[in-house]
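> Got a structure for you, questions after.
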(Lines give C-alpha, C1' and ligand atoms only; values in the text may rest on other atoms or scores of the structure.)
Protein backbone atom coordinates (compact mmCIF):
# COMPACT_ATOMS: atom_id res chain seq x y z
CA UNK A 1 0.00 0.00 0.00
CA UNK A 2 1.38 3.36 -1.02
CA UNK A 3 2.00 5.82 1.81
CA UNK A 4 2.29 9.57 1.31
CA UNK A 5 4.01 11.56 4.02
CA UNK A 6 3.67 15.32 4.18
CA UNK A 7 5.76 17.66 6.26
CA UNK A 8 5.52 19.72 8.26
CA UNK A 9 2.14 18.80 9.68
CA UNK A 10 1.49 22.36 10.86
CA UNK A 11 3.04 25.68 9.84
CA UNK A 12 2.26 29.11 11.22
CA UNK A 13 4.01 32.09 9.64
CA UNK A 14 3.69 35.85 9.23
CA UNK A 15 2.49 37.50 6.07
CA UNK A 16 5.34 38.08 3.64
CA UNK A 17 7.43 35.08 4.69
CA UNK A 18 8.42 32.28 2.32
CA UNK A 19 7.72 28.63 3.03
CA UNK A 20 8.17 25.15 1.61
CA UNK A 21 6.12 22.04 2.29
CA UNK A 22 7.01 18.53 1.24
CA UNK A 23 5.37 15.35 0.05
CA UNK A 24 7.19 12.01 -0.04
CA UNK A 25 5.86 8.72 -1.34
CA UNK A 26 6.79 5.16 -0.44
CA UNK A 27 6.56 4.30 -4.15
CA UNK A 28 6.77 6.08 -7.49
CA UNK A 29 3.86 8.41 -8.20
CA UNK A 30 1.60 7.66 -11.14
CA UNK A 31 0.92 11.39 -11.25
CA UNK A 32 1.04 13.83 -8.38
CA UNK A 33 -1.66 16.33 -7.62
CA UNK A 34 -1.56 19.18 -5.10
CA UNK A 35 -4.82 20.43 -3.58
CA UNK A 36 -5.70 23.24 -1.22
CA UNK A 37 -8.63 22.88 1.15
CA UNK A 38 -10.14 25.84 2.99
CA UNK A 39 -12.18 25.35 6.18
CA UNK A 40 -15.66 24.02 5.46
CA UNK A 41 -14.91 23.36 1.80
CA UNK A 42 -13.78 20.48 -0.35
CA UNK A 43 -10.24 20.28 -1.75
CA UNK A 44 -9.52 22.27 -4.90
CA UNK A 45 -6.87 21.18 -7.37
CA UNK A 46 -3.83 23.47 -7.65
CA UNK A 47 -1.63 21.52 -10.05
CA UNK A 48 -0.87 18.13 -11.57
CA UNK A 49 2.72 17.05 -12.24
CA UNK A 50 3.63 13.95 -14.17
CA UNK A 51 7.25 14.13 -15.38
CA UNK A 52 10.24 13.68 -13.08
CA UNK A 53 12.09 16.96 -12.57
CA UNK A 54 9.07 18.99 -13.63
CA UNK A 55 8.62 22.49 -12.21
CA UNK A 56 5.32 24.34 -12.41
CA UNK A 57 4.49 27.84 -11.26
CA UNK A 58 1.11 29.20 -10.27
CA UNK A 59 1.54 32.90 -9.36
CA UNK A 60 3.48 32.81 -6.05
CA UNK A 61 3.37 29.01 -5.81
CA UNK A 62 6.16 26.85 -7.25
CA UNK A 63 5.75 23.09 -7.47
CA UNK A 64 8.70 20.76 -7.99
CA UNK A 65 8.56 17.07 -8.77
CA UNK A 66 11.60 14.98 -7.89
CA UNK A 67 13.63 13.31 -10.61
CA UNK A 68 12.76 9.88 -9.24
CA UNK A 69 9.05 10.81 -9.06
CA UNK A 70 8.85 9.88 -5.37
CA UNK A 71 8.86 13.33 -3.83
CA UNK A 72 7.57 16.82 -4.40
CA UNK A 73 7.73 20.25 -2.84
CA UNK A 74 5.47 23.28 -2.83
CA UNK A 75 7.14 26.65 -2.27
CA UNK A 76 5.11 29.77 -1.54
CA UNK A 77 6.77 33.16 -1.93
CA UNK A 78 5.61 36.12 0.15
CA UNK A 79 2.75 34.27 1.79
CA UNK A 80 -0.56 36.05 2.24
CA UNK A 81 -3.46 35.36 4.65
CA UNK A 82 -5.44 34.07 1.67
CA UNK A 83 -2.94 31.20 1.40
CA UNK A 84 -4.20 29.81 4.72
CA UNK A 85 -5.55 26.29 4.37
CA UNK A 86 -4.77 22.61 4.29
CA UNK A 87 -2.37 21.62 1.51
CA UNK A 88 -2.79 18.04 0.36
CA UNK A 89 -0.75 15.97 -2.04
CA UNK A 90 -2.34 13.01 -3.79
CA UNK A 91 -1.40 10.25 -6.20
CA UNK A 92 -3.89 9.84 -8.99
CA UNK A 93 -3.00 6.16 -9.02
CA UNK A 94 -3.46 3.57 -11.69
CA UNK A 95 -7.25 3.54 -11.34
CA UNK A 96 -9.09 6.73 -12.22
CA UNK A 97 -11.22 8.01 -9.36
CA UNK A 98 -8.96 6.39 -6.82
CA UNK A 99 -6.87 9.17 -5.25
CA UNK A 100 -4.44 8.38 -2.44
CA UNK A 101 -3.93 11.39 -0.19
CA UNK A 102 -1.29 12.44 2.28
CA UNK A 103 -2.47 13.78 5.63
CA UNK A 104 -1.74 17.34 4.62
CA UNK A 105 0.09 20.42 5.88
CA UNK A 106 -2.09 22.92 7.73
CA UNK A 107 -0.82 26.42 6.92
CA UNK A 108 -1.78 29.53 8.84
CA UNK A 109 -0.59 32.91 7.55
CA UNK A 110 -1.05 35.71 10.06
CA UNK A 111 -1.45 39.34 8.92
CA UNK B 1 -23.00 24.80 -13.72
CA UNK B 2 -23.31 23.49 -10.14
CA UNK B 3 -20.37 21.03 -10.25
CA UNK B 4 -20.61 18.44 -7.45
CA UNK B 5 -23.52 18.83 -5.05
CA UNK B 6 -23.73 17.00 -1.75
CA UNK B 7 -26.73 16.83 0.54
CA UNK B 8 -27.25 17.20 3.42
CA UNK B 9 -24.46 19.51 4.63
CA UNK B 10 -24.94 18.48 8.26
CA UNK B 11 -26.54 15.40 9.84
CA UNK B 12 -26.83 13.93 13.33
CA UNK B 13 -27.75 10.25 13.61
CA UNK B 14 -28.34 7.92 16.48
CA UNK B 15 -26.38 4.70 16.62
CA UNK B 16 -28.11 2.06 14.51
CA UNK B 17 -30.00 4.48 12.26
CA UNK B 18 -29.60 4.35 8.51
CA UNK B 19 -29.27 7.17 6.05
CA UNK B 20 -28.13 8.03 2.54
CA UNK B 21 -25.71 10.78 1.66
CA UNK B 22 -26.52 12.18 -1.75
CA UNK B 23 -24.02 13.22 -4.41
CA UNK B 24 -24.83 14.59 -7.84
CA UNK B 25 -22.62 16.01 -10.57
CA UNK B 26 -23.61 17.83 -13.74
CA UNK B 27 -20.30 17.64 -15.61
CA UNK B 28 -20.94 14.27 -17.27
CA UNK B 29 -17.91 12.81 -15.48
CA UNK B 30 -17.60 9.05 -15.65
CA UNK B 31 -15.60 8.68 -12.42
CA UNK B 32 -17.06 9.33 -8.96
CA UNK B 33 -15.71 8.63 -5.47
CA UNK B 34 -16.54 8.95 -1.79
CA UNK B 35 -13.93 9.93 0.81
CA UNK B 36 -14.05 10.45 4.54
CA UNK B 37 -11.86 13.00 6.30
CA UNK B 38 -10.94 12.59 9.93
CA UNK B 39 -8.59 14.78 12.01
CA UNK B 40 -5.01 13.68 11.51
CA UNK B 41 -5.99 11.01 8.98
CA UNK B 42 -6.32 12.94 5.73
CA UNK B 43 -8.87 11.82 3.14
CA UNK B 44 -9.46 8.09 2.80
CA UNK B 45 -11.27 6.47 -0.09
CA UNK B 46 -14.47 4.60 0.81
CA UNK B 47 -15.90 3.51 -2.56
CA UNK B 48 -15.50 4.61 -6.14
CA UNK B 49 -17.16 4.14 -9.51
CA UNK B 50 -15.68 4.17 -13.00
CA UNK B 51 -19.07 4.41 -14.69
CA UNK B 52 -22.77 3.73 -14.33
CA UNK B 53 -23.35 0.24 -12.97
CA UNK B 54 -19.72 -0.24 -11.86
CA UNK B 55 -18.49 0.29 -8.30
CA UNK B 56 -15.54 -0.91 -6.26
CA UNK B 57 -14.21 -0.70 -2.73
CA UNK B 58 -11.58 1.71 -1.53
CA UNK B 59 -9.44 1.72 1.59
CA UNK B 60 -12.24 1.90 4.21
CA UNK B 61 -15.45 0.37 2.76
CA UNK B 62 -16.84 -1.42 5.81
CA UNK B 63 -20.24 -0.12 6.94
CA UNK B 64 -20.95 1.66 3.65
CA UNK B 65 -22.79 0.70 0.47
CA UNK B 66 -22.92 2.46 -2.88
CA UNK B 67 -24.64 2.10 -6.21
CA UNK B 68 -24.35 3.99 -9.50
CA UNK B 69 -27.50 3.72 -11.56
CA UNK B 70 -26.88 6.93 -13.50
CA UNK B 71 -23.81 8.91 -14.55
CA UNK B 72 -24.96 11.87 -12.46
CA UNK B 73 -25.67 10.30 -9.06
CA UNK B 74 -23.56 8.32 -6.61
CA UNK B 75 -25.30 7.92 -3.22
CA UNK B 76 -23.52 6.56 -0.13
CA UNK B 77 -25.60 4.47 2.26
CA UNK B 78 -24.95 3.85 5.93
CA UNK B 79 -27.07 0.85 6.88
CA UNK B 80 -26.50 0.93 10.65
CA UNK B 81 -24.61 4.02 11.78
CA UNK B 82 -21.85 3.69 14.38
CA UNK B 83 -19.99 6.41 16.32
CA UNK B 84 -16.84 5.46 14.39
CA UNK B 85 -18.55 6.79 11.26
CA UNK B 86 -18.59 10.31 12.66
CA UNK B 87 -16.62 12.19 10.02
CA UNK B 88 -16.75 14.66 7.15
CA UNK B 89 -17.68 12.96 3.90
CA UNK B 90 -16.64 14.24 0.49
CA UNK B 91 -17.85 13.18 -2.92
CA UNK B 92 -15.67 13.78 -5.98
CA UNK B 93 -16.01 13.38 -9.72
CA UNK B 94 -13.56 13.43 -12.61
CA UNK B 95 -13.10 12.46 -16.23
CA UNK B 96 -10.29 10.39 -17.60
CA UNK B 97 -6.97 12.18 -17.13
CA UNK B 98 -8.62 15.18 -15.55
CA UNK B 99 -8.65 16.71 -12.08
CA UNK B 100 -11.03 15.65 -9.33
CA UNK B 101 -13.80 18.07 -8.39
CA UNK B 102 -15.06 17.83 -4.83
CA UNK B 103 -18.36 18.70 -3.22
CA UNK B 104 -18.57 20.87 -0.11
CA UNK B 105 -18.85 17.89 2.20
CA UNK B 106 -21.36 16.39 4.63
CA UNK B 107 -20.57 16.65 8.33
CA UNK B 108 -21.98 13.55 10.00
CA UNK B 109 -22.18 12.99 13.75
CA UNK B 110 -23.31 9.63 15.13
CA UNK B 111 -24.30 9.69 18.78
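The values are calculated or read from the model by the stated rules, or taken from the named source; none is laboratory data. Quick caveat: nothing in here was measured; it's all calculated off a predicted structure. Note: ideal-geometry Cβ built from the backbone for every residue, glycine included; neighbour counts use all protein chains shown.
> Being over 13 Å from the mean Cα position of the chain (by Cα), in a loop (DSSP other than H, G, I, E, B) and away from every other protein chain (no Cβ under 14 Å) is the filter here, so list the residues in the range B:73-111 that pass it.
Once the filter is applied, which keeps residues that are over 13 Å from the mean Cα position of the chain (by Cα), in a loop (DSSP other than H, G, I, E, B) and away from every other protein chain (no Cβ under 14 Å), the range B:73-111 yields B:79, B:80, B:81, B:82, B:86, B:111.
> Name the strands (runs of 3 or more DSSP E) wholly inside the range A:50-90 in which the number of residues that are in contact with a helix residue (DSSP H, G or I) (Cβ under 9 Å, 6 or more places away or on another chain) is 1 or more.
The strands (runs of 3 or more DSSP E) meeting that bar are A:61-65, A:71-76.
> Also: Could you list, in sequence order, all residues of the range B:25-45 that are over 12 Å from residue B:106 (Cβ atoms) and within 10 Å of the chain's Cα centre (by Cα)?
Listed by number, the residues that qualify are B:32, B:33, B:45.
> Would you pick out the residues in the range A:5-41 that are modelled with pLDDT under 95, surrounded by 14 or more Cβ atoms within 10 Å (Cβ to Cβ) and within 11 Å of chain B (Cβ to nearest Cβ)?
Matches in the range A:5-41: A:31, A:33, A:41.
> Could I ask something else about it? Would you confirm whether any residue within the range A:97-107 is touching a strand residue (DSSP E or B) at 6+ places or on another chain (Cβ under 6 Å), more than 8 Å from chain B (Cβ to nearest Cβ), at pLDDT 95 or above and over 25 Å from residue B:35 (Cβ atoms)?
No, the range A:97-107 contains no residue that is touching a strand residue (DSSP E or B) at 6+ places or on another chain (Cβ under 6 Å), more than 8 Å from chain B (Cβ to nearest Cβ), at pLDDT 95 or above and over 25 Å from residue B:35 (Cβ atoms).
> Moving on to the next point. Would you mention how many residues in the range B:26-46 are more than 20 Å from residue B:71 (Cβ to Cβ), surrounded by 15 or more Cβ atoms within 10 Å (Cβ to Cβ) and in contact (Cβ under 8 Å) with a residue 40 or more places away in the chain?
3
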